[in-house]
Amino acid sequence: MLQLHQRFIQVAKKYGSKIAVYDKATNVDYTYSRMLIASLILKEHIGKIKGKYVGILLPTTMGCMLSVLGTLMNGKIPVMINYATGAMENSRYAREKCKFKTIITSKKLLDKLNLEPIENMLFLEDILAKVTVVAKLKAALTSKLPAQALMKMVHGGDVSEVSVILFTSGSEKEPKAVQLSHRNILHNVNAIPQLVRLDQNDVFMSILPMFHVFGLTVDFWLPLLIGASMVTYPNPLEYTTVSDLTREYKATFIAATPSFFYGYLQKSKQGDFATIRFAISGADKLPEKIYEGFMKKHGIPVYEGYGATETSPVISATFTGQHKVGSIGKPIPGVQVRIVDINTDKILGANAEGKVLVKGDLVMEGYLGDLEETSLRIHNGWYDTGDIGMFDDDGYLWHKGRLKRFVKVGGEMVSLVKVENLLSSLLPENVICCVVDVPNPTKGADVVAAVATGDFDMHKVLKQLKKELPAIAVPRQFYVIEDIPMMASGKVNFRAVETICREKSNKGD
């Protein structure tokens with residue numbers, strides 16, 4: 001089996017004159033041939049970087065894609081760094097964790113973020129300025145060689161080799177460095193088109209950040225390796241622009257998080273999503289109001305996928321002909337999922353809630369430099385997702401929350417996710433909420449709620465919560481946090497919210 005960058009060479013040779021990327025950051029269109037030439041040029045420069053790992057701090061642009069390809073062509077491993085929240089802290093953390101120096105970034109990005117560069121940052125603008133006419137000509141001539149000859153000129157190895165380092169979100173604990181192999185990502189790339197008709201005629205809205213596994217696999221490797229076209233836009237939060245581009249380029253595929261889809265629902269005009277054949281949400285639970293909103297406004301269902309950074313990412317998904325609203329679908333081809341008892345690990349049958357375990361080629365190689373955590377999460381090839389779920393009688397998987405988001409109150413287990421979902425349904429639709437726990441010396445813990453505004457009838461909401469929840473699950477306190485901390489993926493940063501709520505609780509606020 002070929003490695004990812006070798007597969008790209010095959011595709012680039014096959015679809016040479018076809019547009020691979022409409023790069024909206026530079027307003028330049030790249031054919032597959034031009035992309036191949038540019039990756040060969042960048043390969044020469046990245047080859048001079050010392051060490052096994054190369055940091056990449058770039059938004060979803062052609063520059064980021066070429067940096068990944070050029071790194072892999074040299075047999076080096078790209079380390080994708082989150083620039084959306086704490087770019088420099090994340091850069092230092094990644095360096096320390098992976099033991100490398102050089103980070104490829106962009107002056108334009110740092111200027112936009114109003115950040116000063118740190119040592120050993122290599123700017124794409126400087127690399128491009130040094131490219132000579134001779135180097136361009138050499139790369140152009142080299143790109144004319146047959147695919148087999150080209151593949152011998154780049155790194156070749158086993159698909160079990162690590163293809164990328166990605167970091168877990170850090171929403172619950174310190175980020176871990178996930179090692180995904182070529183085999184891991186190729187599993188998703190090969191499996192997804194079996195479920196949904198995707199091919200070289202599709203146009204992908206590639207808007208998710210490539211430091212997030214959802215963006216890297218579904219918005220980059222998947223379209224690239226089937227010969228599709230990508231419309232790259234570096235900021236998925238610019239909801240009106242993304243909606244306009246979807247219409248302008250007649251996009252057929254869009255993947256996003258629920259919070260991004262909510263933004264597109266609010267800011268789009270009717271007709272913006274008319275050409276979309278497949279819209280899929282991931283990284284968090286899709287609220288029913290977003291699903292219903294898209295059906296009403298655009299006449300398209302937003303399907304739901306389930307996955308994790310450690311599983312490359314997609315484990316299961318809903319799609320046309322296999323869809324129950326609220327479920328996360330059935331496991332994709334080549335994936336085994338079992339539900340086991342939280343305490344005994346006994347395999348459970350239908351309609352019983354337990355831990356979700358996953359097995360298949362999509363499961364990561366492990367956490368870099370953390371054998372202990374790896375061995376805690378992977379047993380005999382089975383990856384423990386840390387999620388609670390169940391299968392129904394029809395084989396559909398249902399996500400019931402994170403095990404870490406269950407809390408023991410007075411000896412009883414309370415699902416914070418269940419409380420959160422109910423609270424969300426009772427609040428005005430533009431109000432973000434998050435339910436966490438704070439220590440209680442007599443009961444072990446109390447459930448509390450953080451809301452982005454206090455501008456709602458709290459008495460009425462509490463009255464309804466008390467009707468539908470056991471007394472121990474009703475939030476003891478509401479804390480107003482105007483800017484609820486969010487992750488770059490659009491998920492709430494539970495760890496940060498919990499810290500704020502615990503501080504407020506200690507002060508007696």
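Restricting attention to the stretch 366-376, and to residues there that are at pLDDT 95 or above and in contact with a helix residue (DSSP H, G or I) (Cβ under 8 Å, 6 or more places away or on another chain), which single residue is surrounded by the most Cβ atoms within 10 Å (Cβ to Cβ)? Checking each candidate, the answer is Tyr367.
Considering only residues in the stretch 486-509 that are farther than 30 Å from Gly307 by Cβ and modelled with pLDDT under 80, the one that is surrounded by the most Cβ atoms within 10 Å (Cβ to Cβ) turns out to be Asp509. So, Gly70, is that one out of contact with any Ser or Thr (no Cβ under 8 Å at 6 or more places or on another chain) and closer than 19 Å to Thr132 by Cβ or not? So Gly70 does not fit the description; no. Residues of the stretch 26-44 that are under 18 Å from Glu125 (Cβ atoms), surrounded by fewer than 20 Cβ atoms within 10 Å (Cβ to Cβ) and touching a residue at least 12 places away in the same chain (Cβ under 8 Å): Thr26, Val28, Glu44. For the stretch 439-462, enumerate the residues that are in a helix (DSSP H, G or I) and surrounded by 12 or more Cβ atoms within 10 Å (Cβ to Cβ). Within the stretch 439-462, Met458, Val461, Leu462 qualify.
Glu174 falls short on exactly one of the conditions (1) closer than 23 Å to Glu96 by Cβ; (2) touching a residue at least 60 places away in the same chain (Cβ under 8 Å), and that condition is (2). Scanning the stretch 12-53 for residues that are part of a loop (DSSP other than H, G, I, E, B) and among the charged types (D, E, K, R) gives Lys18, Lys24, Lys48, Lys50, Lys52. Ile276 fulfils the conditions (1) hydrophobic (A, V, I, L, M, F, W, C); (2) farther than 30 Å from Ser181 by Cα; (3) at pLDDT below 95 except for a single criterion, (3). Scan the stretch 463-478 and give yes if some residue there is closer than 19 Å to Phe494 by Cα and either in contact with a Pro (Cβ under 8 Å, 6 or more places away or on another chain) or in a strand (DSSP E or B) (or both), otherwise no. Within the stretch 463-478 (the criterion being closer than 19 Å to Phe494 by Cα and either in contact with a Pro (Cβ under 8 Å, 6 or more places away or on another chain) or in a strand (DSSP E or B) (or both)), the answer is yes, since at least one residue qualifies. Screening Ile300 on (1) closer than 21 Å to Val218 by Cα; (2) in contact with a helix residue (DSSP H, G or I) (Cβ under 8 Å, 6 or more places away or on another chain); (3) part of a strand (DSSP E or B) shows it passes everything except condition (3). Whenever a residue of the stretch 425-444 is under 18 Å from Val492 (Cα atoms), its partners that are of a type in the set (Phe, Trp, Tyr) and crowded, with 16+ Cβ neighbours inside 10 Å, lying with C-beta atoms within less than 8 angstrom and at least six residues away or across chains, give the pairs Cys434/Phe494; Val436/Phe494. Check whether at least one residue in the stretch 124-143 is surrounded by 14 or more Cβ atoms within 10 Å (Cβ to Cβ), within 15 Å of Leu58 (Cα to Cα) and in contact (Cβ under 8 Å) with a residue 12 or more places away in the chain, and report yes or no. Checking the stretch 124-143: at least one residue is surrounded by 14 or more Cβ atoms within 10 Å (Cβ to Cβ), within 15 Å of Leu58 (Cα to Cα) and in contact (Cβ under 8 Å) with a residue 12 or more places away in the chain. The combined condition, being at pLDDT 95 or above, out of contact with any Cys (no Cβ under 7 Å at 6 or more places or on another chain) and within 19 Å of Glu161 (Cα to Cα), is not fulfilled by Ser39. Within the option set Asp384, Asp393, being surrounded by fewer than 19 Cβ atoms within 10 Å (Cβ to Cβ), of a type in the set (D, E, K, R), in a loop (DSSP other than H, G, I, E, B) and not assigned by TED's automatic domain parsing to the domain that holds Lys176 holds for one residue only, Asp393.
For Ser91, the conditions (1) of a type outside the set (Asp, Glu); (2) under 20 Å from Met486 (Cα atoms); (3) crowded, with 20+ Cβ neighbours inside 10 Å; (4) touching a helix residue (DSSP H, G or I) at 6+ places or on another chain (Cβ under 9 Å) all hold with the exception of (4). Just so you know, in the stretch 396-428 the residues that are farther than 26 Å from Ala452 by Cα and assigned to a strand (DSSP E or B) include one that is farthest from the chain's Cα centre (by Cα), and it is Glu412. There is no residue in the stretch 173-184 that is hydroxyl-bearing (Ser, Thr, Tyr) and under 30 Å from Ile484 (Cα atoms). The residue list Asn351, Asn343 contains one member that is in a loop (DSSP other than H, G, I, E, B) and at pLDDT below 95, which is Asn343.
Taking each residue of the stretch 460-471 that is closer than 16 Å to Val414 by Cα and looking for partners that are among the β-branched types (Val, Ile, Thr) with beta-carbon atoms closer than 9 Å, six or more apart or interchain, yields Leu465/Val419; Leu465/Val474; Lys466/Val474; Leu469/Val414; Leu469/Val419; Pro470/Val414.
The values are calculated or read from the model by the stated rules, or taken from the named source; none is laboratory data. Just so it is clear, the model here is predicted, and its values are computed rather than measured. FYI the Cβ positions are ideal-geometry reconstructions off the backbone, even for glycines, and counts take in every protein chain you see.
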